[in-house]
Amino acid sequence: MNTIRSILIMFLACSFGLMVIAIVMVIMGLAGAPGALIFEAGKKTKNVLLSVLGFVLSALGQSYVVGAYAVFVVSLLRWFSEARPNIPTWPLWIAAFFHSLAAPEYAKRERAKEPTAQHYSLGIVVLLSIVFFFIMVFAPNTLNPIYGWVPFYQSTIHPNTTSNMTKNGSDDLYSYSLTQSQRESVDGFFTAYQYLQDMHVLIQAMSNSQDPVEDLKGLEALIEKSLDRLAECEVLVLNDIQPGWGDVVRDKFMPALTKMKSGIQNNGNKVDFAKADALLASFDSWLQANWNEIGQKVGEK
């Protein structure tokens with residue numbers, strides 16, 4: 001089957017998507033600028049109503065942009081699933097979710113010396129980006145009045161191009177047949193692995209960070225999220241799909257994340273970080289050696 005191709009497409013999308021996200025962040029900032037100016041005017045004149053108006057306008061402007069991006073990502077994925085029905089799309093749905101809220105999430109990591117309404121409203125923007133994503137998944141027609149112009153959107157709501165997921169119900173997010181326990185374990189692993197990629201991006205950005213303490217907190221949060229998802233992986237279930245898969249998750253991947261977390265909590269303990277690096281290197285070696293077989297076997301399930 002073609003699951004391995006889908007997984008590779010997911011990680012290519014994540015890499016290429018970083019450039020797109022950077023563009024979206026710029027447009028998002030421009031959309032929130034008018035509200036930010038009104039907000040600043042309200043602060044200077046001590047006019048609360050003007051400040052509130054500026055905050056709301058900034059939040060709405062930025063939310064409209066990230067909403068359009070979420071609509072585009074989901075629409076593109078559904079178009080792709082129609083054009084390539086033989087390729088399972090569940091890994092791409094994971095990537096699509098993270099991409100939909102990536103722009104405001106990355107913007108939140110910026111530590112501006114003088115925050116504006118654009119920065120203050122990012123929490124709301126993140127929540128709305130999640131809302132837009134799930135509306136596109138379950139009720140895409142409702143967004144037609146405001147996002148009908150987005151590329152690929154019309155093919156999403158057209159009756160003849162309804163995606164396999166909509167036809168078969170929300171439980172058919174996976175285009176192949178897995179048992180519930182297999183589905184949860186596979187999904188848990190690849191989501192945790194996506195968090196690991198996010199950690200790499202954050203670590204690379206820390207060299208130019210203005211607030212490394214906050215970045216370390218963000219890194220620790222990603223580690224905790226990854227460990228939570230790995231807790232959903234059953235060792236025997238993963239081993240049944242690929243011998244040693246569950247074992248390497250239990251013995252290498254999870255301990256590596258635990259050591260990384262310990263290193264952060266112990267004020268950057270180099271011994272813990274070194275052990276984490278060694279465990280991750282061993283995990284990566286195993287994964288590279290078994291990547292193709294995992295894709296083939298998951299596709300056969």
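FYI, it's all coordinate maths here, none of it is from the lab. If you're wondering where the values come from, they're calculated on a predicted model, not measured in any experiment. With ideal geometry, Cβ positions are generated from the backbone for all residues, glycine too; neighbour counts draw on all protein chains shown.
Observations on the structure shown:
- Neighbour-count ranking [beta-carbon atoms within 10 angstrom, fewest first] of Lys297, Lys113: Lys113, Lys297
- Listed by chain and number, the aspartates and glutamates whose alpha-carbon sits under 18 Å from that of Lys46, ignoring those within fewer than 8 places in the same chain, are Glu114.
- Set of aspartates and glutamates near Lys275 by C-alpha distance (under 13 Å), chain-local residues within fewer than 8 positions excluded: Asp251
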